[in-house]
Amino acid sequence: MLQLDLQQILSQSIAFLLLLLVLRRFAWKPLLGVLDARRQKIEDDLRQAAQQRAETIRLQQELDQRLGQIDQEARTKIQQAIIEGKRVAVEVQEEARAHARTVIAKAKETVDLEIAKARVTLRDQVTAMTLEAAQRILQQKLDAPADRRLIEAALDELERQGRR
Amino acid sequence: MAVEHAVAHGGIPELPNVITVLSDRWHDSPVVAFLHQWENLIFAALVGLTLSLACWRYARKPAVVPRGWQNLLELLVEGIDRFVQSLLGHEGRRYTPFIGTLFLYIWLMNLAGLVPGVKSSTSNLNTTVGLAIVVFGYVQWIGIRANGLRGYLDHLAGSPRDVAGWALVPLMLPIHLLGELVKPMSLSLRLGFNVFAEDVLLGVLAGLGLAFAALLHSPVGVPLQALVFPLVLIFSTVQALVFSLLSTVYIALMLPHKAHH
(Lines give C-alpha, C1' and ligand atoms only; values in the text may rest on other atoms or scores of the structure.)
Protein backbone atom coordinates (compact mmCIF):
# COMPACT_ATOMS: atom_id res chain seq x y z
CA MET A 1 0.00 0.00 0.00
CA LEU A 2 2.59 2.54 1.07
CA GLN A 3 5.42 1.32 -1.13
CA LEU A 4 5.69 3.70 -4.05
CA ASP A 5 7.03 2.28 -7.29
CA LEU A 6 7.80 4.79 -10.06
CA GLN A 7 7.27 2.15 -12.76
CA GLN A 8 3.80 1.34 -11.45
CA ILE A 9 2.93 5.00 -11.00
CA LEU A 10 3.89 5.82 -14.57
CA SER A 11 2.11 2.70 -15.82
CA GLN A 12 -1.06 3.80 -14.06
CA SER A 13 -0.73 7.27 -15.55
CA ILE A 14 -0.26 5.86 -19.05
CA ALA A 15 -3.16 3.44 -18.54
CA PHE A 16 -5.42 6.33 -17.61
CA LEU A 17 -4.28 8.40 -20.59
CA LEU A 18 -4.98 5.47 -22.92
CA LEU A 19 -8.42 5.05 -21.38
CA LEU A 20 -9.00 8.77 -21.82
CA LEU A 21 -8.12 8.51 -25.52
CA VAL A 22 -10.42 5.53 -26.02
CA LEU A 23 -13.35 7.04 -24.13
CA ARG A 24 -12.90 10.41 -25.82
CA ARG A 25 -13.17 8.66 -29.18
CA PHE A 26 -15.91 6.14 -28.42
CA ALA A 27 -17.94 7.70 -25.63
CA TRP A 28 -17.56 11.39 -24.95
CA LYS A 29 -17.47 12.68 -28.49
CA PRO A 30 -20.45 10.69 -29.83
CA LEU A 31 -22.54 10.93 -26.66
CA LEU A 32 -22.00 14.64 -26.09
CA GLY A 33 -22.64 15.14 -29.80
CA VAL A 34 -25.93 13.28 -29.71
CA LEU A 35 -26.95 15.06 -26.50
CA ASP A 36 -26.21 18.43 -28.10
CA ALA A 37 -28.02 17.42 -31.28
CA ARG A 38 -31.02 16.27 -29.27
CA ARG A 39 -31.03 19.44 -27.17
CA GLN A 40 -30.80 21.52 -30.33
CA LYS A 41 -33.60 19.53 -31.96
CA ILE A 42 -35.84 19.98 -28.92
CA GLU A 43 -35.09 23.71 -28.86
CA ASP A 44 -35.78 23.97 -32.59
CA ASP A 45 -38.99 21.97 -32.27
CA LEU A 46 -40.16 24.10 -29.36
CA ARG A 47 -39.29 27.29 -31.25
CA GLN A 48 -41.07 25.96 -34.33
CA ALA A 49 -44.09 24.97 -32.24
CA ALA A 50 -44.19 28.45 -30.72
CA GLN A 51 -43.95 30.00 -34.19
CA GLN A 52 -46.69 27.73 -35.50
CA ARG A 53 -48.83 28.58 -32.52
CA ALA A 54 -48.31 32.30 -33.12
CA GLU A 55 -49.06 31.74 -36.81
CA THR A 56 -52.21 29.81 -35.91
CA ILE A 57 -53.34 32.61 -33.61
CA ARG A 58 -52.59 35.16 -36.35
CA LEU A 59 -54.52 33.10 -38.92
CA GLN A 60 -57.39 32.68 -36.45
CA GLN A 61 -57.53 36.43 -35.93
CA GLU A 62 -57.31 37.00 -39.67
CA LEU A 63 -60.09 34.45 -40.23
CA ASP A 64 -62.26 36.06 -37.55
CA GLN A 65 -61.64 39.45 -39.15
CA ARG A 66 -62.44 38.08 -42.60
CA LEU A 67 -65.57 36.39 -41.31
CA GLY A 68 -66.61 39.69 -39.76
CA GLN A 69 -66.04 41.44 -43.07
CA ILE A 70 -67.99 38.75 -44.92
CA ASP A 71 -70.81 39.05 -42.41
CA GLN A 72 -70.85 42.81 -42.84
CA GLU A 73 -70.77 42.50 -46.63
CA ALA A 74 -73.58 39.95 -46.54
CA ARG A 75 -75.66 42.23 -44.33
CA THR A 76 -75.04 45.17 -46.66
CA LYS A 77 -75.96 43.08 -49.70
CA ILE A 78 -79.12 41.84 -48.02
CA GLN A 79 -80.08 45.43 -47.23
CA GLN A 80 -79.38 46.43 -50.84
CA ALA A 81 -81.39 43.44 -52.08
CA ILE A 82 -84.29 44.40 -49.83
CA ILE A 83 -84.22 47.98 -51.13
CA GLU A 84 -83.91 46.77 -54.73
CA GLY A 85 -86.75 44.31 -54.16
CA LYS A 86 -88.97 47.04 -52.80
CA ARG A 87 -88.10 49.27 -55.74
CA VAL A 88 -88.88 46.48 -58.22
CA ALA A 89 -92.12 45.73 -56.38
CA VAL A 90 -93.15 49.37 -56.64
CA GLU A 91 -92.27 49.39 -60.33
CA VAL A 92 -94.22 46.19 -60.92
CA GLN A 93 -97.17 47.63 -59.05
CA GLU A 94 -96.97 50.81 -61.09
CA GLU A 95 -96.75 48.83 -64.33
CA ALA A 96 -99.66 46.67 -63.24
CA ARG A 97 -101.73 49.68 -62.40
CA ALA A 98 -100.90 51.34 -65.73
CA HIS A 99 -101.72 48.13 -67.57
CA ALA A 100 -104.95 47.78 -65.66
CA ARG A 101 -105.89 51.34 -66.51
CA THR A 102 -105.15 50.69 -70.16
CA VAL A 103 -107.20 47.51 -70.15
CA ILE A 104 -110.07 49.24 -68.39
CA ALA A 105 -109.96 52.11 -70.87
CA LYS A 106 -109.96 49.74 -73.79
CA ALA A 107 -112.78 47.76 -72.27
CA LYS A 108 -114.78 50.93 -71.74
CA GLU A 109 -114.23 51.96 -75.33
CA THR A 110 -115.30 48.54 -76.49
CA VAL A 111 -118.42 48.70 -74.31
CA ASP A 112 -119.28 52.17 -75.60
CA LEU A 113 -118.83 50.99 -79.13
CA GLU A 114 -120.96 47.93 -78.51
CA ILE A 115 -123.59 50.12 -76.89
CA ALA A 116 -123.54 52.43 -79.89
CA LYS A 117 -123.80 49.45 -82.21
CA ALA A 118 -126.61 48.03 -80.16
CA ARG A 119 -128.43 51.35 -80.28
CA VAL A 120 -128.09 51.54 -84.02
CA THR A 121 -129.28 47.95 -84.38
CA LEU A 122 -132.09 48.57 -81.91
CA ARG A 123 -133.17 51.66 -83.75
CA ASP A 124 -133.13 49.81 -87.05
CA GLN A 125 -135.14 46.98 -85.62
CA VAL A 126 -137.59 49.38 -83.92
CA THR A 127 -137.88 51.29 -87.17
CA ALA A 128 -138.61 48.12 -89.05
CA MET A 129 -141.05 46.96 -86.43
CA THR A 130 -142.76 50.33 -86.39
CA LEU A 131 -143.07 50.34 -90.13
CA GLU A 132 -144.41 46.87 -90.04
CA ALA A 133 -146.83 47.85 -87.38
CA ALA A 134 -147.84 51.04 -89.16
CA GLN A 135 -148.31 49.13 -92.42
CA ARG A 136 -150.50 46.68 -90.67
CA ILE A 137 -152.44 49.38 -88.79
CA LEU A 138 -153.06 51.73 -91.66
CA GLN A 139 -153.61 48.90 -94.15
CA GLN A 140 -152.59 51.24 -96.84
CA LYS A 141 -149.70 51.79 -99.16
CA LEU A 142 -147.45 54.53 -98.08
CA ASP A 143 -144.54 56.29 -99.56
CA ALA A 144 -141.85 54.31 -98.00
CA PRO A 145 -138.89 56.75 -98.07
CA ALA A 146 -140.99 59.68 -96.89
CA ASP A 147 -142.47 57.65 -94.13
CA ARG A 148 -139.22 56.31 -93.18
CA ARG A 149 -137.83 59.86 -92.73
CA LEU A 150 -140.84 60.79 -90.72
CA ILE A 151 -140.45 57.82 -88.41
CA GLU A 152 -136.74 58.33 -87.97
CA ALA A 153 -137.46 61.93 -87.07
CA ALA A 154 -140.00 60.73 -84.57
CA LEU A 155 -137.55 58.26 -83.15
CA ASP A 156 -134.80 60.89 -82.90
CA GLU A 157 -137.26 63.01 -81.03
CA LEU A 158 -137.97 60.08 -78.73
CA GLU A 159 -134.30 59.35 -78.24
CA ARG A 160 -133.64 63.01 -77.31
CA GLN A 161 -136.48 62.87 -74.88
CA GLY A 162 -135.09 59.59 -73.44
CA ARG A 163 -131.71 61.17 -72.86
CA ARG A 164 -133.17 64.04 -70.98
CA MET B 1 -8.76 -17.39 3.99
CA ALA B 2 -8.87 -13.63 4.60
CA VAL B 3 -7.20 -14.06 7.95
CA GLU B 4 -4.53 -16.33 6.48
CA HIS B 5 -4.11 -13.89 3.65
CA ALA B 6 -3.80 -11.03 6.15
CA VAL B 7 -1.20 -12.87 8.15
CA ALA B 8 0.70 -13.55 4.97
CA HIS B 9 0.59 -9.88 3.97
CA GLY B 10 1.91 -8.02 6.94
CA GLY B 11 -1.12 -8.36 9.21
CA ILE B 12 -3.38 -6.02 7.27
CA PRO B 13 -6.62 -7.89 6.59
CA GLU B 14 -7.70 -7.59 2.94
CA LEU B 15 -10.10 -9.69 0.90
CA PRO B 16 -8.13 -12.06 -1.30
CA ASN B 17 -8.32 -11.64 -5.05
CA VAL B 18 -7.61 -14.02 -7.92
CA ILE B 19 -3.95 -13.03 -8.12
CA THR B 20 -3.27 -13.23 -4.38
CA VAL B 21 -4.89 -16.66 -4.34
CA LEU B 22 -2.60 -17.74 -7.16
CA SER B 23 0.33 -16.16 -5.36
CA ASP B 24 -0.50 -18.00 -2.13
CA ARG B 25 -0.70 -21.29 -3.99
CA TRP B 26 2.26 -20.90 -6.38
CA HIS B 27 4.40 -18.28 -4.66
CA ASP B 28 7.56 -19.61 -6.33
CA SER B 29 6.23 -19.19 -9.86
CA PRO B 30 7.83 -16.19 -11.63
CA VAL B 31 4.67 -15.64 -13.71
CA VAL B 32 2.52 -15.48 -10.59
CA ALA B 33 5.10 -13.26 -8.92
CA PHE B 34 4.96 -10.93 -11.93
CA LEU B 35 1.15 -10.88 -11.83
CA HIS B 36 1.24 -10.23 -8.10
CA GLN B 37 3.70 -7.38 -8.54
CA TRP B 38 1.47 -5.74 -11.18
CA GLU B 39 -1.91 -6.74 -9.74
CA ASN B 40 -3.04 -3.14 -9.26
CA LEU B 41 -2.30 -2.27 -12.86
CA ILE B 42 -3.91 -5.52 -14.05
CA PHE B 43 -7.15 -4.86 -12.18
CA ALA B 44 -7.09 -1.20 -13.25
CA ALA B 45 -6.61 -2.31 -16.85
CA LEU B 46 -9.47 -4.78 -16.43
CA VAL B 47 -11.75 -1.97 -15.31
CA GLY B 48 -10.51 0.26 -18.12
CA LEU B 49 -11.04 -2.49 -20.66
CA THR B 50 -14.57 -3.17 -19.41
CA LEU B 51 -15.37 0.52 -19.55
CA SER B 52 -13.88 0.85 -23.03
CA LEU B 53 -15.78 -2.16 -24.35
CA ALA B 54 -19.05 -0.92 -22.84
CA CYS B 55 -18.56 2.50 -24.41
CA TRP B 56 -17.48 1.01 -27.74
CA ARG B 57 -20.52 -1.28 -27.73
CA TYR B 58 -23.21 1.17 -26.61
CA ALA B 59 -21.91 4.68 -27.30
CA ARG B 60 -19.88 4.38 -30.49
CA LYS B 61 -22.88 5.09 -32.73
CA PRO B 62 -25.52 6.47 -30.40
CA ALA B 63 -29.12 6.46 -31.56
CA VAL B 64 -31.09 9.69 -31.46
CA VAL B 65 -33.72 7.86 -29.41
CA PRO B 66 -31.66 6.05 -26.74
CA ARG B 67 -32.35 2.48 -25.71
CA GLY B 68 -31.04 0.08 -23.08
CA TRP B 69 -27.52 0.73 -21.86
CA GLN B 70 -27.21 3.89 -23.95
CA ASN B 71 -29.70 5.45 -21.52
CA LEU B 72 -27.40 4.74 -18.59
CA LEU B 73 -24.33 6.02 -20.41
CA GLU B 74 -26.15 9.17 -21.50
CA LEU B 75 -27.37 9.70 -17.95
CA LEU B 76 -23.78 9.50 -16.66
CA VAL B 77 -22.33 11.63 -19.45
CA GLU B 78 -25.00 14.31 -19.16
CA GLY B 79 -24.72 14.37 -15.37
CA ILE B 80 -20.94 14.76 -15.50
CA ASP B 81 -21.18 17.38 -18.22
CA ARG B 82 -23.63 19.43 -16.15
CA PHE B 83 -21.46 18.97 -13.08
CA VAL B 84 -18.37 20.26 -14.90
CA GLN B 85 -20.25 23.12 -16.58
CA SER B 86 -21.76 24.16 -13.25
CA LEU B 87 -18.22 24.75 -11.99
CA LEU B 88 -16.45 25.96 -15.13
CA GLY B 89 -19.26 27.52 -17.15
CA HIS B 90 -19.97 26.73 -20.79
CA GLU B 91 -16.24 26.68 -21.53
CA GLY B 92 -16.05 23.70 -19.19
CA ARG B 93 -17.41 21.43 -21.92
CA ARG B 94 -13.85 20.88 -23.25
CA TYR B 95 -12.79 19.47 -19.87
CA THR B 96 -15.79 17.15 -19.50
CA PRO B 97 -14.08 14.14 -21.16
CA PHE B 98 -11.10 14.37 -18.81
CA ILE B 99 -13.11 14.84 -15.62
CA GLY B 100 -15.71 12.30 -16.74
CA THR B 101 -13.17 9.64 -17.57
CA LEU B 102 -11.44 10.29 -14.27
CA PHE B 103 -14.70 9.91 -12.36
CA LEU B 104 -15.87 6.77 -14.15
CA TYR B 105 -12.45 5.12 -13.91
CA ILE B 106 -12.00 5.83 -10.19
CA TRP B 107 -15.62 4.98 -9.38
CA LEU B 108 -15.49 1.61 -11.12
CA MET B 109 -12.08 0.82 -9.61
CA ASN B 110 -13.48 1.64 -6.16
CA LEU B 111 -16.52 -0.57 -6.76
CA ALA B 112 -14.40 -3.38 -8.19
CA GLY B 113 -13.45 -4.30 -4.64
CA LEU B 114 -17.01 -5.52 -4.11
CA VAL B 115 -16.66 -8.10 -6.88
CA PRO B 116 -15.35 -11.40 -5.51
CA GLY B 117 -11.81 -12.11 -6.70
CA VAL B 118 -11.22 -8.53 -7.85
CA LYS B 119 -9.27 -5.83 -6.05
CA SER B 120 -9.82 -2.07 -5.89
CA SER B 121 -6.73 -0.73 -7.60
CA THR B 122 -7.40 2.63 -5.99
CA SER B 123 -6.61 1.12 -2.59
CA ASN B 124 -2.97 1.25 -3.67
CA LEU B 125 -1.08 4.55 -3.64
CA ASN B 126 0.70 3.76 -6.90
CA THR B 127 -2.63 3.98 -8.71
CA THR B 128 -3.84 7.14 -6.99
CA VAL B 129 -0.46 8.86 -7.31
CA GLY B 130 -0.41 7.92 -11.00
CA LEU B 131 -3.83 9.53 -11.47
CA ALA B 132 -2.92 12.56 -9.37
CA ILE B 133 0.21 13.12 -11.47
CA VAL B 134 -1.93 13.12 -14.62
CA VAL B 135 -4.28 15.66 -13.03
CA PHE B 136 -1.30 17.77 -11.91
CA GLY B 137 0.22 17.74 -15.39
CA TYR B 138 -3.14 18.47 -17.05
CA VAL B 139 -3.87 21.39 -14.72
CA GLN B 140 -0.43 22.93 -15.28
CA TRP B 141 -0.79 22.49 -19.05
CA ILE B 142 -4.21 24.17 -18.93
CA GLY B 143 -2.66 27.00 -16.91
CA ILE B 144 0.06 27.55 -19.51
CA ARG B 145 -2.33 27.23 -22.45
CA ALA B 146 -4.98 29.53 -20.96
CA ASN B 147 -2.68 32.21 -19.51
CA GLY B 148 0.43 31.85 -21.66
CA LEU B 149 3.79 30.98 -20.14
CA ARG B 150 4.25 34.51 -18.87
CA GLY B 151 0.78 34.62 -17.33
CA TYR B 152 1.32 31.19 -15.79
CA LEU B 153 4.59 32.29 -14.18
CA ASP B 154 2.92 35.52 -13.11
CA HIS B 155 0.20 33.45 -11.45
CA LEU B 156 2.80 31.33 -9.65
CA ALA B 157 4.62 34.47 -8.51
CA GLY B 158 1.41 35.81 -6.96
CA SER B 159 0.66 38.33 -9.76
CA PRO B 160 2.97 41.10 -8.50
CA ARG B 161 1.88 44.58 -9.67
CA ASP B 162 3.78 46.89 -7.31
CA VAL B 163 7.00 47.04 -5.32
CA ALA B 164 5.49 45.20 -2.39
CA GLY B 165 4.24 42.49 -4.74
CA TRP B 166 7.65 42.03 -6.34
CA ALA B 167 9.28 42.06 -2.90
CA LEU B 168 7.01 39.17 -1.91
CA VAL B 169 7.81 37.09 -4.99
CA PRO B 170 10.58 35.09 -3.26
CA LEU B 171 8.00 34.13 -0.67
CA MET B 172 4.96 33.69 -2.90
CA LEU B 173 6.65 31.62 -5.60
CA PRO B 174 7.70 28.75 -3.28
CA ILE B 175 4.32 28.88 -1.55
CA HIS B 176 2.46 28.59 -4.85
CA LEU B 177 4.80 25.89 -6.09
CA LEU B 178 4.34 24.00 -2.86
CA GLY B 179 0.57 24.49 -3.13
CA GLU B 180 0.56 23.04 -6.65
CA LEU B 181 2.63 20.08 -5.51
CA VAL B 182 0.50 19.44 -2.45
CA LYS B 183 -2.64 19.20 -4.57
CA PRO B 184 -1.82 15.87 -6.24
CA MET B 185 -0.43 14.58 -2.98
CA SER B 186 -3.64 15.35 -1.10
CA LEU B 187 -5.74 13.91 -3.95
CA SER B 188 -3.81 10.64 -4.03
CA LEU B 189 -3.55 10.18 -0.27
CA ARG B 190 -7.24 10.94 0.36
CA LEU B 191 -8.47 8.53 -2.29
CA GLY B 192 -5.90 5.83 -1.59
CA PHE B 193 -6.36 5.69 2.15
CA ASN B 194 -10.16 5.91 2.03
CA VAL B 195 -10.48 3.02 -0.41
CA PHE B 196 -7.80 1.11 1.46
CA ALA B 197 -9.81 1.62 4.66
CA GLU B 198 -12.91 0.28 2.91
CA ASP B 199 -10.99 -2.80 1.77
CA VAL B 200 -9.64 -3.32 5.27
CA LEU B 201 -13.15 -3.02 6.69
CA LEU B 202 -14.41 -5.62 4.22
CA GLY B 203 -11.44 -7.86 5.04
CA VAL B 204 -11.98 -7.55 8.80
CA LEU B 205 -15.68 -8.34 8.51
CA ALA B 206 -14.97 -11.27 6.19
CA GLY B 207 -12.45 -12.53 8.76
CA LEU B 208 -15.03 -12.16 11.52
CA GLY B 209 -17.52 -14.07 9.39
CA LEU B 210 -15.03 -16.88 9.00
CA ALA B 211 -14.36 -16.87 12.74
CA PHE B 212 -18.10 -17.17 13.38
CA ALA B 213 -18.29 -19.99 10.90
CA ALA B 214 -15.47 -21.81 12.67
CA LEU B 215 -17.19 -21.27 16.01
CA LEU B 216 -20.46 -22.64 14.68
CA HIS B 217 -18.66 -25.47 12.82
CA SER B 218 -20.28 -24.18 9.63
CA PRO B 219 -18.67 -25.14 6.33
CA VAL B 220 -19.69 -21.75 4.88
CA GLY B 221 -18.56 -18.41 6.31
CA VAL B 222 -21.04 -15.82 7.53
CA PRO B 223 -20.94 -12.96 4.96
CA LEU B 224 -20.71 -10.17 7.50
CA GLN B 225 -18.99 -7.90 4.96
CA ALA B 226 -22.27 -7.72 3.05
CA LEU B 227 -23.59 -5.53 5.88
CA VAL B 228 -21.31 -2.69 4.85
CA PHE B 229 -21.80 -3.03 1.09
CA PRO B 230 -24.23 -0.06 0.99
CA LEU B 231 -21.71 2.01 2.94
CA VAL B 232 -18.91 0.97 0.59
CA LEU B 233 -21.09 1.83 -2.40
CA ILE B 234 -21.70 5.31 -1.01
CA PHE B 235 -18.07 5.89 0.00
CA SER B 236 -16.78 4.66 -3.34
CA THR B 237 -19.04 7.09 -5.16
CA VAL B 238 -18.24 9.95 -2.80
CA GLN B 239 -14.48 9.40 -3.12
CA ALA B 240 -14.68 9.34 -6.91
CA LEU B 241 -16.78 12.51 -6.79
CA VAL B 242 -14.36 14.24 -4.43
CA PHE B 243 -11.39 13.41 -6.65
CA SER B 244 -13.23 14.65 -9.74
CA LEU B 245 -14.62 17.72 -7.98
CA LEU B 246 -11.21 18.78 -6.67
CA SER B 247 -9.63 18.21 -10.07
CA THR B 248 -12.32 20.44 -11.60
CA VAL B 249 -11.71 23.08 -8.93
CA TYR B 250 -7.97 22.99 -9.64
CA ILE B 251 -8.72 23.54 -13.33
CA ALA B 252 -11.09 26.39 -12.44
CA LEU B 253 -8.44 28.03 -10.27
CA MET B 254 -5.94 27.85 -13.10
CA LEU B 255 -8.27 29.33 -15.73
CA PRO B 256 -8.59 33.09 -16.27
CA HIS B 257 -11.47 34.35 -14.12
CA LYS B 258 -13.69 35.38 -17.05
CA ALA B 259 -13.96 31.74 -18.11
CA HIS B 260 -15.58 30.73 -14.84
CA HIS B 261 -18.87 32.40 -15.78
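Using only the Cα atoms of the range B:2-260, what are the Rg and Dmax in Å?
Considering the range B:2-260 through its Cα atoms, Rg and Dmax are 22.3, 79 Å.
Given the whole protein assembly as supplied and a 1.4 Å probe, what does the accessible area of A:Glu91 come to in Å², nearest 10?
80
Okay, helix-only estimate at 222 nm for chain B: each DSSP H run of n ≥ 4 adds -39500 (n - 2.57), divide by all residues, round to 500 deg cm²/dmol; what do you get?
Helix-only estimate at 222 nm: -25500 deg cm²/dmol.
In the protein assembly as shown, if every C-alpha pair distance is counted and binned at 10 Å from zero, what percent goes to each bin?
It works out to 4, 13, 16, 13, 9, 6, 4, 3, 3, 3, 3, 3, 3, 3, 4, 4, 4, 3, 1, 0, in whole percents.
Per the 1.4 Å probe, what fraction of the accessible area of the range B:75-207, in percent, lies on carbon and sulfur atoms?
Numbers: 4150 of 5710 Å².
It is 73 percent, rounded to a whole number.
With all protein chains present, how much of the accessible area of the range A:48-163 (probe radius 1.4 Å) comes from carbon and sulfur, to the nearest whole percent? Could the numbers behind the result be given before it?
On the way: 5920 of 10080 Å².
Whole-percent figure for carbon plus sulfur exposure: 59.
Is the shape of the range B:81-226 rounded, prolate or oblate, going by the alpha carbon gyration tensor and its root eigenvalues a ≥ b ≥ c, with a/c under 1.5 for rounded and a/b larger than b/c for prolate?
Judged from the Cα gyration tensor, the range B:81-226 comes out prolate (a/c at least 1.5, a/b above b/c).
Would you mind computing, in nm to one decimal, how far apart the modelled labels at B:Ala167 and B:Leu233 are, each placed 7 Å from Cα along Cα→Cβ?
With each label point 7 Å from Cα toward Cβ, the separation is 6.0 nm.
Show me you know the interface measure: the accessible area buried between B and A, both chains summed, probe 1.4 Å, in Å² to the nearest 100. The partial results should precede the final answer.
Details: alone 15160 and 15050 Å², together 26710 Å².
Using a 1.4 Å probe on protein heavy atoms, the buried area is about 3500 Å².
If the elastic network links every pair of Cα atoms under 10 Å, which of A:Ala116, A:Ala50, A:Ala146 fluctuates the most in the Gaussian network model of chain A?
Greatest mean-square fluctuation among the candidates belongs to A:Ala146.
So what's the gap between the Cα centers of the range B:89-162 and the range B:208-230, to the nearest angstrom?
After rounding, the separation between the Cα centres reads 39 Å.
For the range B:71-145, what class follows from the C-alpha gyration tensor (a ≥ b ≥ c being the square roots of its eigenvalues): rounded when a/c is under 1.5, otherwise prolate if a/b is larger than b/c, else oblate? Write out the running numbers ahead of the final one.
Values: a/c = 3.85, a/b = 1.33, b/c = 2.91.
Oblate shape, in that a/c is at least 1.5 and b/c is the bigger or equal ratio.
Please say if the range A:86-162 is rounded, prolate or oblate, where rounded means a/c under 1.5 for a ≥ b ≥ c the square roots of the C-alpha gyration tensor eigenvalues, and otherwise the choice is prolate for a/b larger than b/c and oblate otherwise?
Taking the square roots of the gyration eigenvalues as a ≥ b ≥ c, the range A:86-162 is prolate.
Would you mind computing, in nm to one decimal, how far apart the modelled labels at B:Thr50 and A:Ile70 are, each placed 7 Å from Cα along Cα→Cβ?
7.0
Give me the residues in the range B:42-58 whose solvent-accessible area, probe 1.4 Å, is reduced by at least 30 Å² once all protein chains are included instead of the chain isolated.
Buried by 30 Å² or more upon assembly, which counts only protein chains, are B:Ser52, B:Cys55, B:Trp56.
After finding the eigenvalues of the alpha carbon gyration tensor for the range A:39-133, what semi-axes result from the square roots of 5 times each, listed largest first in whole Å? Working shown, then result.
On the way: eigenvalues 1550, 21, 4 Å².
Ellipsoid half-lengths, sorted descending, are 88, 10, 5 Å.
At 1.4 Å probe size, with every protein chain present, just tell me what the per residue accessible area of the protein assembly as shown comes to in Å².
Accessible surface, normalised per residue, equals 63 Å².
Under a 5 Å amide H to amide H cut-off, with H placed in plane at 1.01 Å, what residues pair with B:Asn17 once short-range neighbours are removed?
Here the answer is none, since no amide H 5 or more places off falls under 5 Å of that of B:Asn17.
Counting other Cβ atoms within 10 Å, which trypsin sites (Lys or Arg not before Pro) in the range B:136-203 have at most 16 and lie in a DSSP loop?
On the way: sites: B:Arg145, B:Arg150, B:Arg161, B:Arg190; in loops: B:Arg161.
Passing sites in the range B:136-203 are B:Arg161.
Helix by helix, which DSSP H runs in chain A go 15 Å or more along their axis at the Cα atoms and have an average Kyte-Doolittle hydropathy of -0.5 or more?
A:6-23
Using helices alone, I'd like the mean residue ellipticity at 222 nm for chain A: each DSSP H run of four-plus residues gives -39500 (n - 2.57), total over residue count, nearest 500.
Estimated from H runs of four or more residues: -34000 deg cm²/dmol.
Order A:Asp44, B:Asp81 by their accessible area, 1.4 angstrom probe, all chains in place, largest first.
A:Asp44, B:Asp81
Mind listing the phi-derived Karplus ³J(HN,Hα) values for the range B:83-91, rounded to whole Hz, using 6.51, -1.76 and 1.60 with θ = phi - 60°, and x for any glycine or proline?
4, 5, 5, 5, 9, 10, x, 5, 5
Ranked from the most accessible area to the least, with a 1.4 Å probe and all protein chains present, what is the order of A:Asp36, B:Asp199?
A:Asp36, B:Asp199
Pop out the Kirkwood hydrodynamic radius of the range B:20-117 from its pairwise C-alpha distances, inverse of mean 1/r, in Å to one decimal.
Over the range B:20-117, the inverse of the mean reciprocal pair distance is 15.8 Å.
What is the average number of partner chain Cβ atoms found within 10 Å of a Cβ in B:125-135?
Mean partner shielding for this stretch: 6.
The values are calculated or read from the model by the stated rules, or taken from the named source; none is laboratory data. The structure displayed is predicted, hence computed values, not measured ones. Here Cβ is always computed from backbone atoms with ideal geometry, including for glycine, and neighbour counts include all displayed protein chains. Side chains are part of the model used for accessible areas, which takes the heavy atoms of the whole protein and leaves out ligands, DNA and RNA. Shrake-Rupley method; radii C 1.70, N 1.55, O 1.52, S 1.80 Å.
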